[in-house]
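The values are calculated or read from the model by the stated rules, or taken from the named source; none is laboratory data. Only a predicted model underlies this, so the values are computations on that prediction, with no experimental measurement involved. Every residue, glycine among them, receives a Cβ derived from its backbone with ideal geometry; neighbour counts consider all protein chains shown. Surface areas here come from the heavy atoms of the whole protein model, side chains and all, with no ligands, DNA or RNA. Shrake-Rupley method; radii C 1.70, N 1.55, O 1.52, S 1.80 Å.
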Amino acid sequence: MTINVLGISGSPVKDGNTDAFLHEALTAAAGPDVAAAFISLAGKDIRDCTQCNWCVTKQVEGQYCSQDDYMTQLYPQLVKADVIFLATPASFARLSPMLACFIDRLRCFYLGKKYSGALANKV
């Protein structure tokens, strides 16, 4: 059985320090039964969650959110992952705005009609 590790960099600086640290963590996690993948959120179109409740009332197989942006590509990868690494620069002692937006959009896995609980038991 292969363990799927997904690393997500929330830095707005592509190929910067946050990406480098995340690559090191993914390299350390990699092994014969571990598949590691890296995703950078830098420059990607990820819109704010609008709290429209579409995911609560209308979510169906393969459609996680009413918005069609970069998250549409990420949702299936998040479901497939066994382990999720989140990396962020700590500007002003908080996570990056783009990682915060990404996390807000995971609402469909918490309250979603079809995918509620899809992130349960992930490390």
For this session: Go through (1) in contact with a Pro (Cβ under 6 Å, 6 or more places away or on another chain); (2) in a strand (DSSP E or B) and name the single condition ALA42 misses.
Result: (2)
Seminar exercise, completed: Restricting the range 1-47 to residues that are among the β-branched types (Val, Ile, Thr), farther than 17 Å from ILE103 by Cα and without any contact (Cβ under 8 Å) to a residue 60 or more places away in the chain, the one least open to solvent (accessible area, probe 1.4 Å) turns out to be VAL34
Seminar exercise, completed: Among LEU95, LEU41, LEU22, the single one that is touching a Ser or Thr at 6+ places or on another chain (Cβ under 7 Å), farther than 30 Å from MET1 by Cα and of a type in the set (A, V, I, L, M) is LEU95
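Take CYS101 and tell me if it is in a helix (DSSP H, G or I) and either open to solvent by less than 80 Å² (accessible area, probe 1.4 Å) or at pLDDT below 95 (or both). So that I can check it myself, show each step before the final result.
Details: in a helix (DSSP H, G or I): yes; either open to solvent by less than 80 Å² (accessible area, probe 1.4 Å) or at pLDDT below 95 (or both): yes.
The answer is yes for CYS101.
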For this session: Please enumerate the residues belonging to the range 49-73 that are under 14 Å from the mean Cα position of the chain (by Cα) and farther than 27 Å from VAL5 by Cβ.
Result: none
For this session: Check the range 68-89 and report whether any residue there is modelled with pLDDT under 95 and among the small types (Gly, Ala, Ser).
Result: no
Exercise. Within the bounds of the range 23-30, is there any residue that is farther than 17 Å from LEU86 by Cβ, part of a loop (DSSP other than H, G, I, E, B) and among the aliphatic types (A, V, I, L, M)?
Worked result: yes
Exercise. Can you name the number of the only condition in (1) touching a Ser or Thr at 6+ places or on another chain (Cβ under 9 Å); (2) open to solvent by 30 Å² or more (accessible area, probe 1.4 Å) that CYS65 fails?
Worked result: (2)
